[in-house]
1. In whole Å, what are the Cα extents of segment 378-428 along the three principal axes, biggest one first?
2. Send over a whole-number figure in Å² for the accessible area per residue of segment 98-158, probe 1.4 Å.
3. What net charge do the residues around residue 180 carry, taking every other residue with its C-beta under 15 Å from that of residue 180, with Lys and Arg at +1 and Asp and Glu at -1?
4. Near the amide H of residue 166, under 5 Å away, which other amide H atoms are found, from residues 5 or more places off or on another chain, if H is placed in the peptide plane?
5. If you take the charge dipole of the chain about its Cα centre, with +1 on Lys and Arg Cβ and -1 on Asp and Glu Cβ, which of 92, 61, 429 is farthest toward its positive end?
6. Loop-only chymotrypsin sites (Phe, Trp or Tyr not before Pro) in segment 147-242, please: DSSP not H, G, I, E or B, and at most 16 other Cβ atoms within 10 Å.
7. FRET efficiency for residue 60 and residue 453, Cβ-Cβ distance as r, R0 = 41 Å, nearest 0.05?
8. If a/c stays under 1.5 just call it rounded; otherwise compare a/b with b/c (prolate if a/b is bigger, oblate if not). Do that for segment 141-300, with a ≥ b ≥ c from the square roots of the Cα gyration tensor eigenvalues.
Amino acid sequence: MRQWPSLLTVLLFLSPLIAGDVEEKPYNESGEWYSTSTVGLLKLLELEMQFIENLKSYTDLLYAKANTLQDFIDSVDRGTEKSLTEREKYVSNPLNAFGLMRRTHQDWPKWHNYINNTVGRDQLQSLDDILAKAPDSQDMKAALEGMQRIERTYGLQAYDLAKGRLQDKQYDTQLSIRDCLALGQHKFQEGDYLRASLWYRMALKHEPEPNADSFNEILGDPLKDLNLNYAKATIIDGLIEELSPGNQSQKIQQVVDVTEEELHKSRAAELDGFVTYLLDQPDDDLAREMAEPALSSYEIGCRGLYPKRTNLVCRYNFTTTPFLRLAPLKMEEVNHDPYIVMYHEVLSENEIEEMKRRSWADMKEENKAPKLRNIVCRHWFWSEQSAVRERINRRISDMTGFDFPLTENLQVANYGLGTHFKPHYDYTSDGYETPDVLTLGDRLGTIIFYASDVPQGGATVFPRSRVSIHPRKGSSVFWFNLYDDGRPDTRSQHSVCPVIVGDRWTLTKWLHIVPQMFVMPCKPREKS
């Protein structure tokens with residue numbers, strides 16, 4: 001167990017608990033969902049720009065009003081007549097006396113009305129309208145969970161993220177004190193007390209921010225109770241490590257309750273001394289204390305740690321359809337069994353722009369709060385008649401040799417802050433029935449086009465096959481979901497890793513089995 005100063009006498013109160021068992025005793029008005037896609041985040045950025053522009057107009061009007069009032073003050077300020085004799089001399093002059101009477105009788109009411117008149121009514125109304133479109137608590141929760149996915153999936157540390165380091169790249173930005181505090185509070189509420197303490201630590205160690213005093217009067221002081229919360233999270237994490245097995249949730253809650261009670265009893269000087277002691281510990285040492293649980297195959301793939309494949313080749317495919325004899329496609333083998341291939345330079349810049357142009361108006365949110373942990377993105381089905389869409393469908397037919405109407409829909413998806421898609425199957429499974437399964441049969445194959453490069457994160461991972469594919473703009477990946485006899489191939493399980501940095505756009509087509517009965521006749525499954 002960690003060695004800490006005397007504040008940890010709280011352990012005495014928890015010794016029975018550690019030693020043995022204990023008896024068991026709203027959405028924003030616009031309906032917008034910003035965090036789940038770069039489309040949404042761009043809308044939010046535009047909204048903030050509108051907010052600032054209205055605020056600028058409002059402050060200009062306030063400045064103009066303040067200057068007008070200052071001019072009035074300067075015109076009547078009697079600062080030179082300070083003594084009683086001087087004031088008597090002033091009012092003894094009939095010109096001054098009359099001016100005083102007229103101003104106080106005629107001008108004062110008008111100045112009073114001017115002062116009471118609210119300037120910038122239009123700007124204030126616009127600010128109210130913009131505020132109504134601000135992210136709601138569910139959207140904020142999704143953003144916090146997105147940051148948590150980035151942190152956990154890729155094993156990133158709070159001290160790196162806070163300073164703008166993402167993996168091995170340093171960015172010219174960093175999180176604010178309030179950003180770090182919000183992340184710490186979220187981790188604490190989620191019961192991740194170690195990471196909560198690390199984020200609280202980063203908030204405490206943050207350099208003082210400009211205009212902090214004036215901002216704190218409006219936004220609240222982020223450092224208030226921060227020492228207490230940092231100590232609390234650190235102590236709770238240390239005590240939980242010592243808990244005996246059995247009934248963990250109740251024991252953890254008792255640890256939290258007793259720790260809070262004892263910390264509130266402690267003296268301020270003792271608490272400050274304990275926090276100073278903690279802050280003196282090197283960040284790297286604390287990070288090493290965080291024992292990372294065993295990585296899942298999905299996480300290994302997201303980190304690019306799968307073993308490299310051998311005897312894979314790149315070649316031109318000119319055999320799938322007769323057309324390819326005239327215009328072969330660049331094909332890269334990704335995996336032999338199960339069969340996964342990539343095609344390169346199969347989506348042009350003009351086609352991508354056309355897809356995005358249509359997407360901006362038609363995209364909708366995919367799965368709100370109840371399913372945030374499964375898939376977080378925006379998608380829409382490109383159903384509007386388009387020569388570009390038909391050309392892409394014809395290209396899919398050339399790549400796969402499959403038969404389907406060229407007017408069929410394509411799904412467009414866009415990912416945002418830490419968004420992902422958990423490991424899943426494209427065929428009917430686990431209570432999920434694929435659309436049109438009764439008429440078209442199950443999904444025999446899947447093809448995904450990458451319409452953007454993603455600098456960091458966002459890989460397509462096949463955990464059971466241990467294959468990871470990083471998005472490459474203009475390329476596509478194709479695989480089979482079913483065996484030749486139509487039975488599911490569980491090795492086709494795949495997922496989308498959280499996007500760290502970048503704008504992930506994809507175009508997806510699912511190819512059903514029934515229309516392929518003459519193109520690819522069903523045959524007995526070959527045993528490996």
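The values are calculated or read from the model by the stated rules, or taken from the named source; none is laboratory data. Values in this document were obtained by computation on a predicted structure and should not be read as measured data. Here Cβ is always computed from backbone atoms with ideal geometry, including for glycine, and neighbour counts include all displayed protein chains. Remember, those area values only see protein heavy atoms, side chains included, never the ligands or the DNA or RNA. Shrake-Rupley method; radii C 1.70, N 1.55, O 1.52, S 1.80 Å.
1. For segment 378-428, the Cα spread along each principal axis is 33, 24, 18 Å.
2. Ligands and nucleic acids excluded, the result is 59 Å² per residue.
3. With Lys, Arg at +1 and Asp, Glu at -1, the neighbours total -1.
4. Counting only residues 5 or more places away or on other chains, the set is 171.
5. The residue sitting most towards the positive pole is 429.
6. Within segment 147-242, the qualifying chymotrypsin sites (Phe, Trp or Tyr not before Pro) (loop, at most 16 other Cβ atoms within 10 Å) are 171.
7. The computed FRET efficiency comes out at 0.50.
8. Oblate shape, in that a/c is at least 1.5 and b/c is the bigger or equal ratio.
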